[in-house]
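Heads up, the thing below is written out as structure tokens.
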Amino acid sequence: MFKAQIGGLLIAASVSISLILGGCKKEKKDADSDLGHGGVTTIEIVLVQGTDTIRGRYKDPDGPGGRPPTIDTLRPLGGQTYVYFIRLLNEGGNPVQDLTSTIFEAQKNTHQLFILPEPDTLFAKVTPMDADDLGRPVGGRGRYEQRQGGGASGALHFVLRHYLNPTDKNYGLERGSTDLDVRLPVTGL
């Protein structure tokens, strides 16, 4: 009888250990499934003032390390304020995926696009006008001010951050993963 009790305890302990170890097993996940969208290969900024429209695009359909990207130079008028809109695409496959509404609307609580003027805000100023459910900036549309013109050149540094936890968005560039990090040259006219 004593042997039966010990044997039963050993079996129960073995089952418990295998359940615990099995429950701790980490699954390998596909990067795109963590993002909830395909990779961003193209970003386009559209500046609108009245009936005037100016576009700039950074396009790298095969991603880093393949063919060189196609990069436009954005040419806004100095001393002018525009409304900006951003388009995000995955042009790496067929058909092309427009990710704009997925990232800036459906997943706005876990994404933020930072548009950082270089060399600084004396060159240009970007103010997002869209917000997530908690009032935090998203960056898909807003106001763009070209402060310097007359051939002054710089760049817009686009950094799209993806946060697995929406509260991490409060930390800006310090947390999350990078979905996109590119520069678009700007020459003020």
Please list, ordered by first then second residue, the pairs with beta carbon atoms under 9 Å, 6 or more apart or interchain, first in the range 58-70 and of a type outside the set (A, V, I, L, M, F, W, C), second exposed (fewer than 10 other Cβ atoms within 10 Å of the Cβ) and in a loop (DSSP other than H, G, I, E, B). D60/R67; D60/P68; P61/R67
Selection within the range 47-84 - buried (at least 17 other Cβ atoms within 10 Å of the Cβ), assigned to a strand (DSSP E or B) and more than 15 Å from the chain's Cα centre (by Cα): L47, I54, G56, R57, L74, Q80, Y82, Y84
Selection within the range 169-189 - part of a loop (DSSP other than H, G, I, E, B) and closer than 28 Å to Q80 by Cα: G188, L189
Residue that is nearest to V48 (Cα to Cα), among those in the range 82-122 that are β-branched (V, I, T) and in contact (Cβ under 8 Å) with a residue 24 or more places away in the chain: V83
Please go through (1) closer than 24 Å to G50 by Cα; (2) touching a Pro at 6+ places or on another chain (Cβ under 8 Å); (3) hydrophobic (A, V, I, L, M, F, W, C) for A152 and return the number of the only condition it doesn't satisfy. (2)
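Computed from the coordinates by the stated procedures, all read-outs in this text should not be read as laboratory data. Computed from a predicted model, the values in this text were never measured in an experiment. Positions of Cβ are backbone-derived with ideal geometry, glycine not excepted, and every protein chain shown enters the neighbour counts.
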